[in-house]
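One structure, pasted below without further comment.
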Amino acid sequence: MKAVGRAAILAAVMLLNIGAAPNWISVVEKTEGGHRIGNPDAKVKLVAFESYTCHICAEFEEEAGPVLKLAYVQTGNVSYEVRHFVRDPIDMTAAMLSECVPTEDFFNAHRALFLSYKKWSPEVGKASKGQRDRWFANDGAAARRAVASDMGFYEIMQRQGVSRVQADKCLANTALAERLARQTKQSNEQFEISGTPTFMLNGLKLLATHSWQMLKPQLEARL
């Protein structure tokens, strides 16, 4: 018998329990390349390659996040998948911390890191040589702890229910760091990602599309 996916089972349970359409914004699954929210069989599949150090990505999440989920994902017609595109030690640290929460809470942590961007990003420019040297230290876990401390990431994650001890355990996960670096490399090789955010609709990479205003009409054209 063909295996039934977790999202399909959850949707069926919802339908049986309440006799209504499933709450697609509560359906979050890990994918081969990231995390997806919504109906896995949606007509339109949106994929976003994002970097936490990307100010345009932060602007997109701030503007589009709630609208995308409520007006598009909730209907079951659109699924939204986020894939990390790691560019530097700060990016790696944030990406690893976003993976610290349970799968169903990923998009909350993802959004929290982006909504705090305007607060922590100026610290990058103000960093001393000593701080930057620690960020690029050979000991990856120590470097990531230094980044998390200097950027205030520990406090952000605490509000997501992740203690400092839990965060440090995530930051010491070498296998996770290697996986994120490998996925970034594979995404670049397969899709030629030259910058973030980069969007794909139903497997097609969108050109010159970096904002919600540019993405929205292309999304609606496929519905």
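Bear in mind that the values in this text are calculations on the coordinates, not laboratory data. Quick caveat: nothing in here was measured; it's all calculated off a predicted structure. As a convention, Cβ positions derive from the backbone with ideal geometry for all residues, glycine included, and neighbour counts pool all protein chains shown.
Where in region 89-104 does the amide nitrogen come within less than 14 Å of the point 7 Å from the Cα of Lys30, taken along Cα to Cβ?
96-104, by backbone N distance to the label point.
Once the dipole of the chain is set up with Lys and Arg at +1 and Asp and Glu at -1 on Cβ about the Cα centre, which of Ile37, Leu113, Ser194 lies farthest towards its positive end?
Value computed over the given set: Ile37.
Are there any GluC sites (Glu not before Pro) in region 153-202 that are in a DSSP loop and have at most 10 other Cβ atoms within 10 Å? List them by number.
Passing sites in region 153-202 are Glu192.
Of all trypsin sites (Lys or Arg not before Pro) in region 122-179, which ones are in loop regions per DSSP and have a Cβ with at most 16 other Cβ atoms within 10 Å?
Answer by residue number: Arg159.
Work out how much length Asn138 to Ser211 would gain on full extension: take 0.36 nm times their residue separation and subtract the Cα-Cα distance, in nm to one decimal.
Result for the pair: 22.7 nm of gain on full extension.
Put a dot 7 Å past each Cα toward the Cβ at Arg159 and Asp41; how far apart are the dots in nm?
Between Asp41 and Arg159, the simple spin-label model gives 3.9 nm.
What aspartates and glutamates does Lys69 reach when the alpha-carbon gap must be under 13 Å and sequence neighbours fewer than 8 apart in one chain are set aside?
Output for Lys69: Glu61, Glu81.
Separate question: Net charge around Phe106, counting only other residues with Cβ within less than 9 Å of its Cβ (Lys, Arg = +1; Asp, Glu = -1)?
-2
Once the Cα atoms of helix 6-18 and of the chain are each reduced to a long axis, what angle between those two axes, in degrees from 0 to 90 to the nearest 10, is obtained?
Tilt of helix 6-18: around 50 degrees.
Once R0 is set to 41 Å, what does the formula 1/(1 + (r/R0)^6) return for the Cβ-Cβ distance between Leu176 and Leu223, expressed as a FRET efficiency to the nearest 0.05?
Using R0 = 41 Å, I get an efficiency of 0.70.
What angle, in degrees between 0 and 90 and rounded to the nearest 10, separates the Cα long axis of helix 174-191 from the longest principal axis of the Cα atoms of the chain?
The two axes meet at around 60 degrees.
Kindly state, to the nearest 0.05, the FRET efficiency for Glu123 paired with Glu63, given R0 = 22 Å and r defined as their beta-carbon distance.
Efficiency, rounded to the nearest 0.05: 0.40.
With springs only between Cα atoms under 10 Å, which of Val124, Val101, Val147 fluctuates most in a Gaussian network model of the chain?
Ranking Val124, Val101, Val147 by mean-square fluctuation puts Val124 first.
Can you tell me the orientation of helix 106-115 relative to the chain, as the angle in degrees between its alpha-carbon axis and the longest Cα principal axis, to the nearest 10?
Orientation of helix 106-115: about 50 degrees from the principal axis.
Another question, then. Counting other C-beta atoms within 10 Å, and keeping those with at most 15, which DSSP coil chymotrypsin sites (Phe, Trp or Tyr not before Pro) do you find in region 134-223?
Counting only loop positions with at most 15 other Cβ atoms within 10 Å, the chymotrypsin sites (Phe, Trp or Tyr not before Pro) in region 134-223 are Phe136.
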